[in-house]
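Q: So that we are looking at the same thing, I have put the structure below in structure tokens.
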Amino acid sequence: MVNKASLGAKGAVFEMDMERGKIFEFARAVLSEDPAHLEGATPIIPPTFLSTTLIWEKRVEGANPWSQVEMSEERGMHAEQEFIFHGPPPRAGDRLFAQARISEIYDKERRDGSMLTFVKMVTEFRDADGALVAEAILTGVERQE
């Protein structure tokens, strides 16, 4: 069962380097043919590249607050992923500073009367000056027992 006390929990800040080779590999893996992702010295990231935070955050203890949600592995699932950019997408050579927080927890009744609990985790990506570059919003859902 979702721990509603986890609302507002924040993870530790972690760094994420935009590396040219990794951008190229990711673009190829998602079948991008966009030259902006594949060519030049500073290609831009594909929008879903920010999902690689799952790799980077493991380098910093406490970076991912999702474990505090305590969502059931049997009844929970990943429902949605959204990426918002507040300007041009990051490029190779950029270093981002990311921090995740549990931003919303709410219940919704299904037609059959059972309940679903939704949890949103927002990861903010900032540049070295602290400006907000992008956000990744993960939504998980757990069905009632």
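The values are calculated or read from the model by the stated rules, or taken from the named source; none is laboratory data. Worth saying up front: this structure is predicted, and the values here are computed from it rather than measured. Heads up, the Cβs are rebuilt from the backbone with ideal geometry, glycines too, and the neighbour counts pull from every protein chain shown. What goes into the accessible areas is simple: the full protein's heavy atoms, side chains included, and nothing from ligands, DNA or RNA. Shrake-Rupley method; radii C 1.70, N 1.55, O 1.52, S 1.80 Å.
Q: Output the 0 to 90 degree angle, nearest 10, between the alpha-carbon long axis of helix 20-29 and the longest principal axis computed from the alpha carbons of the chain.
A: That helix lies at roughly 60 degrees to the long axis.
Q: Moving to a separate point now. Expressed as a whole percentage, what fraction of the accessible surface of the chain belongs to carbon and sulfur atoms when a 1.4 Å probe is rolled over the protein heavy atoms? Present the calculation step by step, with values, prior to reporting the outcome.
A: Values: 4310 of 8630 Å².
Accessible surface attributable to carbon and sulfur in the chain totals 50 percent.
Q: Modelled label-to-label distance, residue 84 and residue 29, 7 Å Cα→beta-carbon offset: nm?
A: The modelled label-to-label distance comes out at 2.6 nm.
Q: State log₁₀ I(q)/I(0) for region 1-82 at q = 0.18 Å⁻¹ as given by the Debye formula over alpha-carbon point scatterers of equal weight, solvent excluded.
A: Debye intensities relative to I(0), on a log10 scale: -0.87.
Q: Now a separate question. Once you list every other residue whose beta carbon is under 11 Å from the beta carbon of residue 125, what net charge do they have if Lys and Arg are +1 and Asp and Glu are -1?
A: -3
Q: Helix-derived [θ] at 222 nm for the chain: sum -39500 (n - 2.57) over DSSP H runs of at least 4, divide by residue count, nearest 500?
A: On the way: 3 runs with 18 residues, N = 145.
Roughly -3000 deg cm²/dmol at 222 nm, from the helical runs in the chain.
Q: Relative to the compact-globule scaling 2.2 N^0.38 Å, provide the ratio for the alpha-carbon radius of gyration of the chain.
A: 1.16
Q: Compute the accessible area per residue over the chain, keeping the other protein chains in place, probe 1.4 Å, unit Å².
A: Details: 8630 Å² over 145 residues.
Here the per-residue accessible area is 60 Å².
Q: At what distance in angstrom do the alpha carbon centres of region 13-49 and region 117-145 lie from each other?
A: 21 Å
Q: Can you give the extra length, in nm with one decimal, that the chain gains between residue 20 and residue 54 once fully stretched, where that is 0.36 nm per residue apart less the Cα-Cα distance?
A: Values: separation 34, 0.36 × 34 = 12.24 nm, distance 1.85 nm.
That pair, residue 20 and residue 54, stretches by 10.4 nm at full extension.
Q: Give the whole-number value, in cubic angstrom per residue, of the convex hull volume spanned by the C-alpha atoms of region 63-103. Walk me through the numbers on the way to the answer.
A: Numbers: hull volume 4.9 nm³, N = 41.
In region 63-103, the Cα convex hull volume per residue is 119 Å³.
Q: Taking 0.36 nm per intervening residue step and subtracting the Cα-Cα distance, what contour gain separates residue 13 from residue 77 on full extension?
A: Values: separation 64, 0.36 × 64 = 23.04 nm, distance 2.52 nm.
Fully extending the segment from residue 13 to residue 77 adds 20.5 nm.
Q: Mind counting lysine pairs for me in the chain? Cα separation below 23 Å, and the two need to be 8 or more apart along the chain or on different chains.
A: Numbers: 4/108; 4/120; 10/58; 10/120; 22/58; 58/120; 108/120.
So the count works out to 7.
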